[in-house]
Amino acid sequence: MEISTFIFLGIALVIVVYAIMIYNNLVSLKHNVSQSWSNIDVLLKQRHDELPKLVETCKQFMGYEQETLTKVMEARSQVANARAAGDVGALGPAESMLRMGLGNLFAVAEDYPELKASESFQHLHTRISGLENQIADRREYYNESVNNNNVRIEQFPDVLIANFFKFGPRDLLEFTDEEKKDVDVKALFS
C-alpha cells in the first residue's frame, strides 16, 4: 500500500470519528431538552394537583366568587391538556390564563380576612407560590436547552449531521406580555 492510501484512510477515519462526535453531541442536546421539559412537567403536575385544594378552601369562604374560581379551574384544565399533549405553543397562553386567574383569586381573597387567616389557605398559597417560582426557574433552563439545541443544529458542520439524521428545532416556551409582568403576590396579602 502506498503512503497516499494510508493518508486517505487516516483522513477518512478522522472525518468519521468527528461525525460520530457531532452526532453524539446532538443526541445529548436533544435529550437535555426532553429532560428539561420533563422537569417542568413534574412541577406543572404538582401545581395541577394543588389547585383543586386551593379552590375548595376558597369556596368555604368565598360563596359569591364562583366566576373567579371557575376561571382558575378552566385555566387549570387548559394547562393540563397542553401539558398532556406536550404542546409547548399552547402551554404558554394556558399558563398566562392560569397565572392571571390565580392573581385574581389572591386579589379577591383580600376581601375575605377569614380566608387569609385560614391555615389551609396560607399553606396552599405558599405551596403554589413556591411551585410557581420553581416552574419559572425550570422554564428558563428549558429555554436555554432549546436554544443550545437550535443553535447547534444550524451551525456548520453540525447542520450536515443534523439534517441527515433529521434533528429538528424545538419550540421555546414563550409567554404573553401579560405573563411576563412581575406579580407581587405578597402585596396582594398585606
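The values are calculated or read from the model by the stated rules, or taken from the named source; none is laboratory data. Source: prediction; values computed, not measured. Note that each Cβ is placed from the backbone with ideal geometry, even for glycine, and that neighbours are counted across all protein chains shown.
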I'd like to know if the stretch 81-101 contains one or more residues that are over 27 Å from Val146 (Cα atoms) and surrounded by 14 or more Cβ atoms within 10 Å (Cβ to Cβ). yes
If you go through the stretch 92-112 one residue at a time, do you hit one that is modelled with pLDDT of 95 or more, more than 24 Å from Lys45 (Cα to Cα) and not in a helix (DSSP H, G or I)? no
For the stretch 1-27, the count of residues that are surrounded by fewer than 12 Cβ atoms within 10 Å (Cβ to Cβ), of a type outside the set (A, V, I, L, M, F, W, C) and either touching a helix residue (DSSP H, G or I) at 6+ places or on another chain (Cβ under 7 Å) or under 25 Å from Asn149 (Cα atoms) (or both) equals 1
Which one of Glu174, Glu144 is modelled with pLDDT of 90 or more, closer than 22 Å to Trp37 by Cα, surrounded by 12 or more Cβ atoms within 10 Å (Cβ to Cβ) and out of contact with any Ser or Thr (no Cβ under 6 Å at 6 or more places or on another chain)? Glu144
The stretch 147-163, residues that are surrounded by 14 or more Cβ atoms within 10 Å (Cβ to Cβ) and either outside any helix (DSSP H, G or I) or touching a strand residue (DSSP E or B) at 6+ places or on another chain (Cβ under 7 Å) (or both): Ile153
Contact list, first residue from the stretch 5-24 and closer than 23 Å to Gly168 by Cα, second anywhere and among the aliphatic types (A, V, I, L, M) and surrounded by 11 or more Cβ atoms within 10 Å (Cβ to Cβ), beta-carbon distance below 8 Å, six or more apart or interchain, is Ala19/Ile161; Ile22/Ile161; Tyr23/Ile161
Residue under question is Val33, and the condition is that it be free of Cβ contacts under 8 Å to residues at least 60 places away in the same chain, β-branched (Val, Ile, Thr), surrounded by 11 or more Cβ atoms within 10 Å (Cβ to Cβ) and in a helix (DSSP H, G or I); does it hold? no
